[in-house]
1. When you take every Cα atom in the stretch 142-260, what is the radius of gyration, and what is Dmax, the widest Cα pair distance, in Å?
2. Over all directions, what mean area does the Cα convex hull of the chain project, stated in square nanometres?
3. Out of the total accessible area of the chain (probe 1.4 Å, heavy atoms of protein only), what percent is carbon and sulfur?
4. Work out the length of the dipole vector of the chain about its Cα centre, built from +1 on the beta-carbon of each Lys and Arg and -1 on the beta-carbon of each Asp and Glu, and round it to the nearest 20 debye.
5. Would you please name the GluC sites (Glu not before Pro) within the stretch 131-184 that are DSSP coil residues with at most 15 other C-beta atoms within 10 Å of their C-beta?
6. If the chain between Asp228 and Asp312 were fully stretched, how many nm would it gain, using 0.36 nm times the residue separation less the Cα-Cα distance?
7. With 27 Å as the limit, write out which pairs from Lys148/Lys170; Lys237/Lys294; Lys140/Lys294 have Cα-Cα distances beyond it, or answer none.
8. What FRET efficiency, computed as 1/(1 + (r/R0)^6) with R0 = 41 Å and r the Cβ-Cβ distance, is obtained for Glu180 and Val261, rounded to the nearest 0.05?
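The values are calculated or read from the model by the stated rules, or taken from the named source; none is laboratory data. Being a predicted model, the structure only gives us computed values, none of them experimental. With ideal geometry, Cβ positions are generated from the backbone for all residues, glycine too; neighbour counts draw on all protein chains shown. All accessible areas refer to the heavy atoms of the entire protein, side chains included, with ligands and DNA or RNA removed. Shrake-Rupley method; radii C 1.70, N 1.55, O 1.52, S 1.80 Å.
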Amino acid sequence: MSWPNPFITQRADPFILRHADGYYFIASVPEYDRLEIRYASTLAGLIEAEAVTVWHKPDTGPFSALIWAPELHHINGQWVIYFAAAPTRAIKDGLFQHRMYALVCNDADPLSGNWQPCRRVHTPIDSFSLDATYFQHQGKHWYLWAQKDPAIPGNSNLYLAELLNPWTLKSAPLMLSRPEYEWECAGFSVNEGPAVIQHGDKLFVTYSASATDENYCLGILSIDVLADPLNISAWHKSARPVFATSWDNQQYGPGHNSFTVDEAGRAVLVYHARNYTEIEGDPLWDPNRHTRLKYFDWREDSTPDFGVPPADHTSVP
């Protein structure tokens, strides 16, 4: 199977969850004002699936602007949407005022169910934070996100903590990674958008680095599956990006990925990228970071091989 590229237009920070009954899609919308979910019984069916708005930002308050990077997870029978939001004043006073929030739904269908009032996910530092993801590992629930530490130069680092419940940290956060290589600091010094996948005896965390233009790219961290995730010495960081702009294919700034599998169980990289570099104004307001999918393979040493971003094509080969 293959898919048209783009897969879904004008949807950045894409996240696809394969659940028992099919596939769920959620992403940032260009207006940054709502949370939409698409459902389809097949992966390709998401392309034409109806986008159902399950939450809309309030007019005022701490989560009333710039709704970024939602993810949908199913945790102990509850649906949970993680997202970042800022107060209204961030529109004029500066973008980077986000904090992290969780929405919870106890009903079977997240598209028609009742979503409870928004909960803040608090961390020890009250600072710019975003891009939370969730995973289970070693029988525990984990929360992984990006955050600014005012004591560390740069925009955001990656942090990991065990969860007590979907909106409450159980352990002290561990800083997994901070921008240090040149390719992580182009335009802005950024580590953000983490995603988790396990293969063989390794657990991998991909993340996005640098400004959200053609410099945006994916880095990767790895750890042995038996090692303690809160032991920083057990983690290994690649000195080079693992997925980056393809000038030959006119694919620029691929990043903010998630992972899913097709109906046959084959691994799929979900990401966004633009097909041009001439951006007017702040790249965050350019709506054309399109959702894209591609298969990827595994090397003999169990590391992922993402290849290069394929060129746009409107028909399925």
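1. Expressed in Å, the Cα Rg and Dmax of the stretch 142-260 come to 14.4, 47.
2. Values: hull surface 62.4 nm².
Directional mean of the projected Cα hull area for the chain stands at 15.6 nm².
3. Roughly 49 percent of what the probe reaches on the chain is carbon or sulfur.
4. So the magnitude is around 640 debye.
5. Glu180
6. 26.1 nm
7. Violating the 27 Å limit, Cα to Cα: Lys140/Lys294.
8. 0.80
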